[in-house]
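Encoded as structure tokens, the structure appears first; notes follow it.
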Amino acid sequence: MLLSMPRLVLLLAGCLSFLLQGTPLLGVETVKFRTAGKERTASGKILVEAQDGGVMLQADDGQIWTLQPENIIERQSDARPFAPIDADQMQSRLREELGPGFNVYRTQHYVILFNSTEAYAKQVGALFEQLYRSFFIFWKNQRWELPEPEYPLVAVVLRDHESFLSYATNDIGDTAKSVIGYYHLGSNRMITFNVPDWERNVATIIHEATHQLAYNCGMQRRFADNPMWVSEGLAMFFEAPDRRNPRAWRAIGSVNQVNLRRWMQYFPRRTNDSLVTLLSDDMRYRSASDATAAYAEGWALTYFLIKTKRKEYVKYLRLLSEGKYLAEKTKRQRIDDFEECFDMTLEQTNRAFLSYMRRLR
């Protein structure tokens, strides 16, 4: 992960090796379990159950717990219809969890826990709401009526890097040292801090909040096979700063100048199979030597497809949104999905993509 750009942390550690058996169980399941040396209890709906007794539980606060059978202490179920908690209940739980060092700021769609100043929390909240409105309008204009989030959206806004490291190290380990913000797939929370460079700060906030929205409106499914070029490309498409605006962000889909420069730097050494390696798996994003180029190419491909193949791009996103929990596609399946939705071979896509990006430069 690179300090020079906001990044999504896709945390799959501890996922179960599931043998899927049928549809999720109905009603409310209450599970008492051990995690990180502590006992916890969560109530929610079972998304997946393994034959060995392990479960994937989506709690009523939106968190997803992947529990191995040896960590489950007790399970109870009843026939009550599942219902997410509301913003008041979310606020109460978060206050209890994070303690007296944090205050709460609420907007229409977000519950923000902060240990920074209230003025900064309000700035961040205004950006969240601006993105929220723009996000749904953008996809509605693409003829995709997305449902609004089922759970209140949670953000933890920290005062400085030291405070961020203290919180995030407990959350994501050493990865905290190399990121400046993240969306956590398990907790469903977005974490950020007050970066001194406001433009970079805004890009981080919009980037990670885009991830959170995509995973909460049915566009992407948590813990399914979501290609990183799609997740990161979308977030970078939305994040592009606007220096002319007082908030440093105004609208969706401006050219991301940072990633355009990185694309241009990558282009002279780009190999003929670059799209194949980008689409078929996520290894380039996890490579210290190739991650910057992968992010740049992911943004460039997303920009090209949205600007020139919007209908097909939405069709592709709809297909991905139907992915199954913990089901990983093969390299061939990933490429087949892409070629089927765009009705082009990768070779044809590559030619059109490079032609477009040459003009954009």
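A few notes on this one:
- Any hit, segment 220-240, residues being modelled with pLDDT under 95, in the same structural domain as residue 316 (by TED's automatic domain parsing) and surrounded by fewer than 22 Cβ atoms within 10 Å (Cβ to Cβ): no
- Complete set of residues in segment 167-199 that are in contact (Cβ under 8 Å) with a residue 24 or more places away in the chain and part of a helix (DSSP H, G or I): 167, 172, 175, 178, 198, 199
- Subset of segment 97-113 [hydrophobic (A, V, I, L, M, F, W, C), part of a strand (DSSP E or B) and in contact (Cβ under 8 Å) with a residue 24 or more places away in the chain]: 111, 112, 113
Conditions (1) touching a residue at least 12 places away in the same chain (Cβ under 8 Å); (2) under 26 Å from the mean Cα position of the chain (by Cα), marked per residue:
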| position | (1), (2) |
| --- | --- |
| 325 | yes, yes |
| 330 | no, yes |
| 344 | no, no |
| 347 | no, no |
| 355 | no, no |
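- Which listed residue is within 24 Å of the chain's Cα centre (by Cα) and assigned to a loop (DSSP other than H, G, I, E, B), from 126, 83, 42, 121: 83
- Criterion violated by residue 155 - all others in (1) within 20 Å of residue 236 (Cα to Cα); (2) in a helix (DSSP H, G or I) satisfied: (2)
- Matching residues, segment 308-343, being more than 24 Å from residue 141 (Cβ to Cβ) and of a type in the set (A, V, I, L, M): 326, 327, 335
- Candidate set from segment 200-229 (those that are assigned to a helix (DSSP H, G or I) and of a type in the set (Phe, Trp, Tyr)); member that is nearest to residue 160 (Cα to Cα): 215
- When the criteria are applied in full, residue 164 meets the requirement of being modelled with pLDDT of 95 or more and farther than 19 Å from residue 87 by Cα.
The values are calculated or read from the model by the stated rules, or taken from the named source; none is laboratory data. If you're wondering where the values come from, they're calculated on a predicted model, not measured in any experiment. Positions of Cβ are generated from backbone atoms using ideal geometry, with glycine treated the same way; all protein chains shown enter the neighbour counts.
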